[in-house]
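The values are calculated or read from the model by the stated rules, or taken from the named source; none is laboratory data. Being a predicted model, the structure only gives us computed values, none of them experimental. Every residue, glycine as well, gets a Cβ built from its backbone with ideal geometry; the counts of neighbours run over all protein chains shown.
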């Protein structure tokens, strides 16, 4: 399936804009989403870490993405 | 010697005003000042504790009072 | 009881009195506040300005989680968290956290928990601008 | 360096922004504040108003000792302590303490030390007024 993934902060620069399109296999996990991202945009490997939020919550690596999920790349936060 | 001692808070009520006169023997210590006060004003024994400040600093019980010292009764504080 | 949680993300100047007024409570033994402002230097390098970017809807959710944990764990009487976004000059306020609680120790602990947790979980990103470029804070190892 | 200690005892309304502005420092990683306000109840008894009496000259000295200990022990960048005297209504501010420090943990610790120590050493006395009389707080066992 093809999904949209939003990006903030340095992730926006790495993917070259606020939204990227990813081709995922069916029942892809967050872990696989991260792999696809790192392959498509090697600069993700230079980050301290990054997380994926699904529908405005952090999700673990084994969460299975379903059609309609709102995916967002969360690079290391630095608020406050 | 006869000394003036100032009082604040509940001590002011116990001695009946902002200043009291005490008759001390020569070389009286703070400990003896407290004894004289407690004898003259028995209500001091109802307090949790009280201290004597000399020249705007707390002084230990064995401090020897000299002529010209500014003595102040400090009942339990409750600022903040 | 009225829910005493106030979460705001705003590109306007933050006001300490707004946060204090919100948490004020007749039963409060103390109010602890944290105010974070923009530093003029980072690791010896002169900062010109900075920008905060937020994933606002999720940031609000994560801030609310922090606030609810505080109401629960420290029996806080009120909590207000305001975070700034957009461009900030040196000295401007980036974040204000105010907590009221029956006992002041709890207010201090809760306030410290809030800022510590905010810096780990809330999707807000700081970009520092120098004479010779800019960096996303904490992005790289 | 300018000495960054601000001690005030005043019978006028206390202003949080005054304390914050005083301690603000370009190198501060955080500002911790404590605000103490007048509670409406003590041990379930309704408080009508309260009065603070201070032995002002000595209170200033003791507050300065606290501030100097904080500058020394926590390498604070600034400290402001304002204490109110006279008659206060419910909700009014009795004390404000603001501390800025390079690291926020130090600011919190120092601020908490300040209020804890103030309540033990500074010659200021609180009198609470009820419907049926008044008491000097903490005077009796």
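Scanning segment D:22-57 for residues that are more than 10 Å from chain C (Cβ to nearest Cβ) and free of Cβ contacts under 8 Å to residues at least 24 places away in the same chain returns D:43, D:44, D:57.
Determine if segment C:63-78 includes at least one residue that is facing another protein chain (nearest Cβ under 9 Å) and modelled with pLDDT of 95 or more. Checked segment C:63-78: no residue is facing another protein chain (nearest Cβ under 9 Å) and modelled with pLDDT of 95 or more. Against the definition (buried (at least 16 other Cβ atoms within 10 Å of the Cβ) and farther than 14 Å from residue B:75 by Cα), how does residue B:41 come out, yes or no? Spelling it out, it is not the case that residue B:41 is buried (at least 16 other Cβ atoms within 10 Å of the Cβ) and farther than 14 Å from residue B:75 by Cα.
The set of residues in segment C:48-69 being out of contact with any helix residue (DSSP H, G or I) (no Cβ under 8 Å at 6 or more places or on another chain), in a helix (DSSP H, G or I) and closer than 11 Å to residue C:122 by Cβ consists of C:56, C:58, C:59, C:60, C:61, C:64. Summed over segment C:15-46, the residues that are surrounded by 20 or more Cβ atoms within 10 Å (Cβ to Cβ) and more than 16 Å from the chain's Cα centre (by Cα) give a count of 2. Taking residue D:60, is it closer than 30 Å to residue B:59 by Cβ, within 12 Å of chain B (Cβ to nearest Cβ) and exposed (fewer than 15 other Cβ atoms within 10 Å of the Cβ)? So residue D:60 does not fit the description; no.
To keep it simple, each residue is scored yes or no on (1) more than 10 Å from chain D (Cβ to nearest Cβ); (2) in contact with a strand residue (DSSP E or B) (Cβ under 6 Å, 6 or more places away or on another chain); (3) crowded, with 20+ Cβ neighbours inside 10 Å.
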| position | (1), (2), (3) |
| --- | --- |
| B:2 | yes, yes, no |
| B:7 | no, yes, yes |
| B:10 | no, yes, yes |
| B:19 | yes, yes, no |
| B:25 | yes, no, no |
| B:45 | yes, no, no |
| B:60 | yes, no, no |
| B:63 | yes, no, no |
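The strands (runs of 3 or more DSSP E) falling completely within segment D:70-141 that include 3 or more residues that are more than 30 Å from residue B:10 (Cα to Cα) map to D:93-101.
What number of residues within segment C:1-22 are touching a helix residue (DSSP H, G or I) at 6+ places or on another chain (Cβ under 9 Å) and part of a helix (DSSP H, G or I)? Of the residues in segment C:1-22, 3 are touching a helix residue (DSSP H, G or I) at 6+ places or on another chain (Cβ under 9 Å) and part of a helix (DSSP H, G or I). Scanning segment C:70-97 for residues that are surrounded by 14 or more Cβ atoms within 10 Å (Cβ to Cβ) and free of Cβ contacts under 8 Å to residues at least 40 places away in the same chain returns a single hit, C:74.
When residues in segment D:98-117 are screened for being touching a residue at least 12 places away in the same chain (Cβ under 8 Å) and under 16 Å from the mean Cα position of the chain (by Cα), 13 of them pass.
A quick yes/no check of all residues on (1) at pLDDT 95 or above; (2) farther than 26 Å from residue A:7 by Cα:
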{"site": "C:12", "(1), (2)": "yes, no"}
{"site": "C:19", "(1), (2)": "yes, yes"}
{"site": "C:27", "(1), (2)": "no, yes"}
{"site": "C:49", "(1), (2)": "no, no"}
{"site": "C:90", "(1), (2)": "no, yes"}
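Restricting attention to segment C:112-138, the residues being buried (at least 18 other Cβ atoms within 10 Å of the Cβ) and more than 10 Å from chain A (Cβ to nearest Cβ) number 1. Of the set (1) surrounded by fewer than 19 Cβ atoms within 10 Å (Cβ to Cβ); (2) more than 14 Å from chain B (Cβ to nearest Cβ), all apply to residue D:141 but (2). Please tell me if residue A:33 is buried (at least 16 other Cβ atoms within 10 Å of the Cβ), more than 14 Å from every other protein chain (Cβ to nearest Cβ), in contact with a strand residue (DSSP E or B) (Cβ under 6 Å, 6 or more places away or on another chain) and more than 30 Å from residue C:95 (Cα to Cα). So residue A:33 fits the description; yes. Taking the stated definitions as given, is residue D:109 surrounded by fewer than 24 Cβ atoms within 10 Å (Cβ to Cβ), under 12 Å from residue D:33 (Cα atoms) and more than 7 Å from every other protein chain (Cβ to nearest Cβ)? So residue D:109 fits the description; yes.
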